[in-house]
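Trainee: Before anything else, here's the structure in question.
The values are calculated or read from the model by the stated rules, or taken from the named source; none is laboratory data. These numbers come from a predicted model, not from an experiment. No Cβ is skipped: glycine too gets one built from the backbone with ideal geometry, and neighbour counts run over all protein chains shown. Ligands, DNA and RNA are excluded from the accessible area calculation, which covers all protein heavy atoms including side chains. Shrake-Rupley method; radii C 1.70, N 1.55, O 1.52, S 1.80 Å.
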Amino acid sequence: MTTTIRPKDRDSVLQSLRAGVVPRAGQHLIQVGRTREIETLVNDIDRIADGGSGFRVVIGEYGAGKTFFLNLVRAVAMERKLVVASADLNPDRRLHASGGQARSLYAELMRNLSTRTKPEGGALAGIVEKFIATAKADAKAQGLATEVVIRERLNHLTELVNGYDFADVIAAYCRGFEEGNEELKANAIRWLRGEYSTKTDARQALGVRSIVDDASIYDQLKLLSRFVRLAGFSGLLVSLDELVNLYKLANTQARNSNYEQILRILNDSLQGSAEGLGFVLGGTPEFLLDPRRGLYSYPALQSRLSQNSFATGELVDFSGPVVRLSSLTPEDFYVLLQKIRGVFALGDESKYLVPDQGIFSFMEHCSKRIGDAYFRTPRTTITSFINLLAILEQNPGTAWQELLGGVEVLADTGGNTDLAVEGEDGDEFASFKM
């Protein structure tokens, strides 16, 4: 059976994979394995959409497909009418800080805020306008002013931190919307994105007394999760990748402060006090298990995240907060290369550039060059396969057998940086060995 693939999706997938990055669209075209893990996260998404909460730590070796998995979960969440905020942590973006790094993470999450109709990010203004549009319709039906209806709807947000100012900012956006005041609307969006650095600027622009700062980003996300539900969405999913950057912090107090923030989020999720809000965190085994620097170095987290002692050997337990991704098997990787071949041919089997035997021969070639790393950390192998297909496409008549010997496949050594720990002075990097 031939499956038609849109050229836009084909180009998105192939260009991303060829560059060694995860595609933001079309992940379903190349998804292989991990059925149980995906079902687990889909159940979380459904629980969030039902007004509950979720928390998962997705753990996998470098190259095991964490980022791809997180992007797939992100796409499923948007299809289920959730709003998704995603960001990668780095030295300038953390969950807790005192020098603006936490606010920087929040601002990145807001820039990447996505919905089903705006999957590439930048959806914040659209969400606010959707809320205002429904409020205007209700106000007209009841014969009331729009701002009165907005205040009434946002009243229960005032019990949360910054709730009063959040309601004032939404009301200010509504006034700008009705008066055609683009500056007022822009100021309101700036506040919601956490782009004001001083309370004085925010007060002059909007008349509010608070801003989104390092100490309040989680409280702001809880406010936003309730607001998006009022706007007609099912909830908010926050996806954070590269959590290994917390493990690499040299300062013990800075690490523990970030781990304490993770503990707070986890406790709220387990207790059900974060309405319509879910978190998915991606990291390496070192980030979780290392008793000196990882999450297990924080006793309260270790007790909550420890593996089920009965889950040994082939037995698995997906009910806990940690989801461990295994590496792809050779069989999974064979299916993956078949799917990439199909994407390259736009789903038309008559245009396949290599037969199944060609894929098998390519895998044998990679195995001889770099061993099992070709399917355990498949990034460079996938790039080489796409390069092979590109040559065959642009040089008709060329036999794939002639090209295999010249295909260069290198082991992916990018994971080595996961164990590079920031030096005490903040500028140097020291090697840390477990």
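Trainee: In the range 109-197, what percent of the accessible surface is made up of carbon and sulfur (1.4 Å probe, ligands and nucleic acids excluded)?
Mentor: On the way: 2050 of 4240 Å².
Summing carbon and sulfur atoms, their accessible area is 48 percent of the total for the range 109-197.
Trainee: Here is a follow-up. Please list log₁₀ I(q)/I(0) at q = 0.11, 0.15, 0.18 Å⁻¹ for the range 82-206, using the Debye equation with identical point scatterers on the alpha-carbon positions.
Mentor: Those come out to -0.42, -0.78, -1.08, one per q.
Trainee: Over the chain, what is the relative contact order in percent, taking alpha-carbon pairs closer than 8 angstrom and at least six residues apart? Let's see the in-between values first.
Mentor: On the way: 683 pairs, mean separation 102.5, N = 434.
Relative contact order of the chain: 24 percent.
Trainee: Under a 1.4 Å probe, what is the accessible area of the range 59-106 per residue, stated in Å²? Display every interim value, and only then the final one.
Mentor: Details: 1630 Å² over 48 residues.
Solvent-accessible surface per residue comes out at 34 Å².
Trainee: Moving to a separate point now. Answer with one residue from Val322, Leu392, Ser114: the one whose Cα lies farthest towards the positive end of the charge dipole of the chain, charges on Cβ with Lys, Arg +1 and Asp, Glu -1.
Mentor: About the Cα centre, the residue reaching furthest to the positive side is Ser114.
Trainee: Let me ask something else. Straight-line reach from Lys136: which lysines have Cα under 27 Å away, leaving out those fewer than 8 places along the same chain?
Mentor: Straight-line reach from Lys136, under 27 Å: Lys81, Lys118, Lys185, Lys222.
Trainee: Here's a follow-up. Leaving ligands, DNA and RNA out of it, rank Arg369, Arg226 by accessible area with a 1.4 Å probe, largest first.
Mentor: Ranking Arg369, Arg226 by accessible area, largest first, yields Arg369, Arg226.
Trainee: Taking R0 as 60 Å, what's the FRET efficiency between Ser367 and Glu159 from their Cβ-Cβ distance, rounded to 0.05?
Mentor: 0.50
Trainee: Let me ask something else about it. Of all chymotrypsin sites (Phe, Trp or Tyr not before Pro) in the range 240-331, which ones are in loop regions per DSSP and have a Cβ with at most 16 other Cβ atoms within 10 Å?
Mentor: Here the chymotrypsin sites (Phe, Trp or Tyr not before Pro) that fit, given the DSSP loop and packing criteria, are Phe310, Phe318.
Trainee: Same structure again: For the chain, take the longest principal axis of its alpha carbons; what is the angle in degrees between that and the long axis of helix 66-79, to the nearest 10 within 0 to 90?
Mentor: The helix 66-79 is inclined about 50 degrees to the chain.
Trainee: Could you state the angle between the C-alpha long axis of helix 124-142 and the longest principal axis of the C-alpha atoms of the chain, as a value from 0 to 90 degrees rounded to the nearest 10?
Mentor: 40
Trainee: Which of these, Phe166, Phe227, Phe177, has the largest mean-square fluctuation under a Gaussian network model of the chain (Cα springs below 10 Å)?
Mentor: Phe177
Trainee: On average, how much area does the Cα convex hull of the range 176-266 cover when viewed from any direction, in nm²? The partial results should precede the final answer.
Mentor: Numbers: hull surface 32.1 nm².
Over all viewing directions, the range 176-266 projects a mean Cα-hull area of 8.0 nm².
Trainee: Give the residue from Leu224, Gly207, Leu263 lying farthest towards the positive end of the charge dipole for the range 202-266; charges sit on Cβ (+1 for Lys and Arg, -1 for Asp and Glu) and the dipole is referred to the Cα centre.
Mentor: Gly207
Trainee: In the range 259-363, which GluC sites (Glu not before Pro) are in a loop and have at most 10 other Cβ atoms within 10 Å, using DSSP for the loop call? Let's see the in-between values first.
Mentor: Values: sites: Glu260, Glu275, Glu286, Glu314, Glu331, Glu349; in loops: Glu275, Glu314.
Loop-located and lightly packed - Glu314.
Trainee: Another question, if that's okay. Once the convex hull of the alpha carbons of the range 312-361 is built, what does its volume come to per residue, in cubic angstrom? Please list the in-between numbers first.
Mentor: Values: hull volume 5.9 nm³, N = 50.
Considering the Cα atoms of the range 312-361, their hull volume per residue is 119 Å³.
Trainee: Counting only heavy atoms of protein chains, what accessible area per residue, in Å², does the range 244-355 have with a probe of 1.4 Å? Please report the intermediate quantities before stating the final value.
Mentor: Working: 4930 Å² over 112 residues.
That works out to 44 Å² per residue.
Trainee: Additional query: For the chain, take the longest principal axis of its alpha carbons; what is the angle in degrees between that and the long axis of helix 252-271, to the nearest 10 within 0 to 90?
Mentor: Tilt relative to the chain: about 80 degrees.
Trainee: Probe radius 1.4 Å, ligands and nucleic acids ignored: give me the carbon and sulfur share of the accessible area of the range 280-340 as a rounded percent.
Mentor: On the way: 1620 of 2960 Å².
Carbon-and-sulfur percentage of accessible area, whole number: 55.
Trainee: What are the principal axis extents of the Cα atoms in the chain, in Å, biggest first?
Mentor: Result, largest extent first: 74, 50, 43 Å.
Trainee: Taking 25 Å as R0, compute the FRET efficiency from the Cβ-Cβ separation of Lys118 and Lys339 and round it to 0.05. Walk me through the intermediate numbers first.
Mentor: Details: r = 27 Å, r/R0 = 1.08.
That gives a FRET efficiency of 0.40.
Trainee: Straight-line reach only, C-alpha to C-alpha below 28 angstrom: list the lysines that Lys351 could link to, leaving out same-chain residues fewer than 8 apart.
Mentor: Straight-distance partners of Lys351: Lys8, Lys339.
Trainee: Quick one: Cα convex hull volume of the range 1-111, Å³ per residue?
Mentor: Values: hull volume 17.0 nm³, N = 111.
Per-residue hull volume (Cα only) is 153 Å³.
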